[in-house]
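The values are calculated or read from the model by the stated rules, or taken from the named source; none is laboratory data. Note that this is a predicted model, so its numbers are computed, not measured. We place every Cβ from the backbone using ideal geometry, glycine too, and count neighbours over all the protein chains shown. Ligands, DNA and RNA are stripped out before the accessible areas are found, and what is left, the full protein with its side chains, is counted by its heavy atoms. Shrake-Rupley method; radii C 1.70, N 1.55, O 1.52, S 1.80 Å.
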Amino acid sequence: MTDIVRSSRRVKCDEAKPICGRCARARLDCRGFRQAASPGTSVGVMEGYGRLRISGFQWYKQGIVMEAEPPEWEYMQAIHVYYSIIKPTLVSDVHVVTDPPFNTHRMMRPVFIIRIICSQISNASKSRCRMIEIGQDPAFAGLWASYYRYLDESLRIVNRCIGEEGRESYESSLSNIAHMVYVDLYTKASLWQAHIRGFFAYIELRGGIAVAIKQPSLGMDFINAILCGMIWLNTTTPAAQRLRGVDSYDDDQLRTVIDFDSSVTMPCPPEYTILIHHITRLREVFAHVGADSTVQDGAQQFLASKLKMAFMFDLEGWVKAKYEGSIATSMATALANIHEIAIRLYAILTLPKYMVMKWSRSMPNPLVADQDLHEQSVYERLRIGHRCEILTRVRRIRHTLTAKQDVTWPLIVAGVAAGDASEKDREFIMDALLETWMATGSSVSFILARDKVRAFWKSGRTGWEECFDEPTPSIPSWYFQAWPVFLQELSLDAASLHGFAQRIRKGSIASMETHIRHINISLAGFDDWASPRLLPRYSTANAAFVKDWTAQLNKDLSILARVFSKLTNLRAVFFTALPERIDARCGSPRSGYLSGAATVGLIRAEHLTSLDIDAVGSTLSSKSDLLDYHPCHMFRRVSRQLRRLRIRIACICPDILRVLCASAEGLVLEDVVVNLSICSTSGHSTSYKFPMCCVDMPWGFDQLQLEMEAQATQLARALKNPRIVRVLSHGYPGPRPQSFDAVTGRRMVLAAPTPWDADGEELLG
């Protein structure tokens, strides 16, 4: 279908039938399907518009030439929506937002477009206070068509990743499947079960959860989110349709995964989440076997032991260790207590009454309602007492609770028990669930669960299975999970680094700490050339201004390095420091603008698996630095999980590899490249430009290169599983790059420009 061109505006057809979705939204008369192009014709003519499409251009009879649509037009439109609608909302909520890596291979474009589509549908649904489903509104037919088109493309990408081997394909597969789960739960909620089944089936294909736990740097954050989400999702899924992907995991494995990044789980200890998992499994057992005496006795003992372990848990100690310094411990304690009561009520509503009555006698705080209920059974008094306690505690903290989604699951449980509650209590539950769904970034699970509970009340039924007769998502812990990918890659220059450092000092990056996976720092020395403080000619005032700017830059780097320990999912740091611009207003060029003391913290990050240091524009040292902060010595402090290391520094010596050799036994390094070529880093460089040697040596660059290659050979022998160990340089008088591979002993000539780890034509002799 070709596009429709009008005298006043141009509308791209989205191929929805019988009415183009874009025309419907714009309230235009759609004429796109009234005149079809002749079959077999390569040039289409639209009657009444006089337009021909030839070789990417649109020719008009009047002779005016208009350029055709640019490639990936919908991707560009999605980026526009992100900048105009999504990002301003995120900034208001999380304060600091780094843009997605739009132009890198890490960006899965179809998923990004689906996220934008879901955001548009979700916002439109909230404006109508009802969920817009497929086929209900012709104005959204085009959006749903695009949703499925890009979903199909996303599935093809995922299947391609699954078919590949290697660590990167494994993590990419987990990431892509997890994002598809997030997307489906954000708006549509119909395919999340299939995606989760595939997620855990893929983990089993790659060796199972035991293998995944041994390499937590590879996708464990996604395993954590999907596993925790699945446990909560199963609570509102019929017993016969429960997801069983983690039934083979023991409690220690579950606890390890949940503890990996508890920020994406509910605000309660891992023991409580594990207990919910076991209660849900027992619910399925009794739904199938009924009242078999052997099963009853075994289940009774099993449940009693699990309840005892969970409710004897040191809740105050857990709250203090997990939340002290980040949120108010009193609020965290209140939330955890609410969830403890909600878990008890969940067991009361889902397990057989005789089992509930047995363990209620040993319950430390039974919460039996006794006001005006003496005629009711003990079971009913338990149910009503727990429901009333949940609602009382939620009312107490709801207006001071920032993340209101944290009490959604307890409200859903209380809602199932509220069939005989007062109208005031019912209205409170409905209003609270609606308010949570209307919040920015909330998933469709809130409104779906609300609709289920309301219909359940009208039916007059009382059973949990009768309320949730079909899979209904209820994962309040995944608030904002549709957008954390935007926080995964943080790109900073000097100006944005200063702003981010200010946020760190104010303590306002807590919501980002668990999402950041890549940090890209790109510096080029002093760059505040537009400052009014800079005089038109050289002066001591200019020199002082540049000095102050440099001191602030190094201070900001030090502040950033101090929070690296909190960035538990940080895996890669890319640090680039290019040569400064030469300007007469600031005097002669400096040999360096970064200090080793400021940058050493970037290397010490404990969770890093990839580190790129390209500080060709600075020596990374100053007179005030201690020897320990010298770049060639500070690499002894690299992360034990580091697998990839790239180094290029303006001042370097063989000690940079010697310290790695000394600690090679405890490292898992596989990929090391040292680049000694700096001739292409600035426009005025020549082929004779090499790094300086950072120690007093009686020989020049040739000897430095030989010593560096000798140390690289020793490192390749010392590492357990070396894949790439190379030293790059270039010949002269021509600047053609050369590479020495210490693993194979080959010396190669490379094409320019080329990646540092590229292969080239081998030099013989």
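Within segment 529-556, can you find the residues that are of a type in the set (Gly, Ala, Ser) and over 12 Å from Leu594 (Cβ atoms)?
Those that are of a type in the set (Gly, Ala, Ser) and over 12 Å from Leu594 (Cβ atoms): Ala530, Ser531, Ser539, Ala541, Ala543, Ala544.
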Listed by range, helices (runs of 4 or more DSSP H) wholly within segment 169-255 having at least 1 residues that are open to solvent by 10 Å² or more (accessible area, probe 1.4 Å) and either touching a His at 6+ places or on another chain (Cβ under 7 Å) or closer than 16 Å to Leu151 by Cα (or both) are 192-205
Per the filter on segment 563-579, residues modelled with pLDDT under 80 and either within 17 Å of Asp614 (Cβ to Cβ) or open to solvent by 20 Å² or more (accessible area, probe 1.4 Å) (or both) are Ser565, Lys566, Thr568
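Looking only at segment 466-491, filter to residues that are in a strand (DSSP E or B) and open to solvent by 10 Å² or more (accessible area, probe 1.4 Å); which one of those is modelled with the lowest pLDDT? Before the answer, list the steps.
To start, the set of residues in segment 466-491 that are in a strand (DSSP E or B) comprises 489-491.
Next cut, open to solvent by 10 Å² or more (accessible area, probe 1.4 Å) only: 489, 491.
Working: Glu489: 65, Ser491: 73.
Only one residue fits best here, namely Glu489.
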Within segment 105-160, residues being part of a helix (DSSP H, G or I) and over 25 Å from Glu171 (Cβ atoms) number 23
The condition from (1) at pLDDT 90 or above; (2) farther than 20 Å from Ile338 by Cα; (3) surrounded by fewer than 18 Cβ atoms within 10 Å (Cβ to Cβ); (4) under 33 Å from the mean Cα position of the chain (by Cα) that Thr440 misses is numbered (1)
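Identify, from the list Lys506, Lys458, the residue that is of a type in the set (D, E, K, R), out of contact with any Lys or Arg (no Cβ under 9 Å at 6 or more places or on another chain), open to solvent by 40 Å² or more (accessible area, probe 1.4 Å) and at pLDDT 75 or above.
Lys458
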(1) within 20 Å of the chain's Cα centre (by Cα); (2) in contact (Cβ under 8 Å) with a residue 12 or more places away in the chain; (3) within 30 Å of Ile447 (Cβ to Cβ) all hold for Cys161 apart from (3)
Note on segment 279-294: residues modelled with pLDDT under 75 and open to solvent by less than 40 Å² (accessible area, probe 1.4 Å) are Gly290
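Residue-by-condition table, conditions (1) at pLDDT 90 or above; (2) closer than 21 Å to Asp655 by Cα; (3) buried (at least 16 other Cβ atoms within 10 Å of the Cβ):
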residue	(1), (2), (3)
Asp696	no, yes, no
Gly700	no, yes, no
Glu707	no, yes, yes
Thr713	yes, yes, yes
Pro737	no, no, yes
Asp741	yes, yes, yes
Trp756	no, yes, yes
Gly760	no, no, yes
Flagged in segment 419-437 as open to solvent by less than 20 Å² (accessible area, probe 1.4 Å) and out of contact with any helix residue (DSSP H, G or I) (no Cβ under 6 Å at 6 or more places or on another chain), in numbering order, are Ala421, Met430
For segment 558-572, pairs from a residue that is in a helix (DSSP H, G or I) to a residue that is surrounded by fewer than 16 Cβ atoms within 10 Å (Cβ to Cβ), with Cβ under 7 Å and 6 or more apart or across chains, are Ile559/Arg505; Ser565/Glu606
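Which of the residues spanning segment 535-552 are of a type in the set (Lys, Arg) and modelled with pLDDT under 85?
Start the filter on segment 535-552 by keeping residues that are of a type in the set (Lys, Arg), which leaves 537, 547.
Of everything in segment 535-552, just one residue is of a type in the set (Lys, Arg) and modelled with pLDDT under 85, namely Arg537.
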Q. Just a yes or no: is a residue in segment 411-433 within 28 Å of the chain's Cα centre (by Cα), assigned to a helix (DSSP H, G or I) and not aliphatic (A, V, I, L, M)?
A. no
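Okay, residues lined up against (1) free of Cβ contacts under 8 Å to residues at least 60 places away in the same chain; (2) in contact with a Lys or Arg (Cβ under 7 Å, 6 or more places away or on another chain):
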| site | (1), (2) |
| --- | --- |
| His195 | yes, no |
| Leu205 | yes, no |
| Ile209 | yes, no |
| Ala212 | yes, no |
| Leu218 | yes, yes |
| Asp221 | no, no |
| Gly229 | no, no |
| Thr235 | no, no |
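Out of Ile203, Ile209, Ile223, Ile276, which single residue is at pLDDT 90 or above, out of contact with any Pro (no Cβ under 6 Å at 6 or more places or on another chain), of a type outside the set (S, T, N, Q) and closer than 24 Å to Thr472 by Cβ?
On the way: Ile203 fails: closer than 24 Å to Thr472 by Cβ; Ile209 fails: closer than 24 Å to Thr472 by Cβ; Ile223 fails: at pLDDT 90 or above.
Criteria check complete, one pass: Ile276.
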With the first residue restricted to segment 415-444 and required to be on the phi > 0 side of the Ramachandran plot, and the second required to be open to solvent by 20 Å² or more (accessible area, probe 1.4 Å), Cβ contacts under 8 Å at 6 or more apart or on different chains are Gly441/Thr89; Gly441/Asp93; Gly441/Tyr479; Gly441/Phe480
Those residues of segment 517-534 which are open to solvent by 20 Å² or more (accessible area, probe 1.4 Å), aliphatic (A, V, I, L, M) and either modelled with pLDDT of 80 or more or on the phi > 0 side of the Ramachandran plot (or both) amount to Ala524
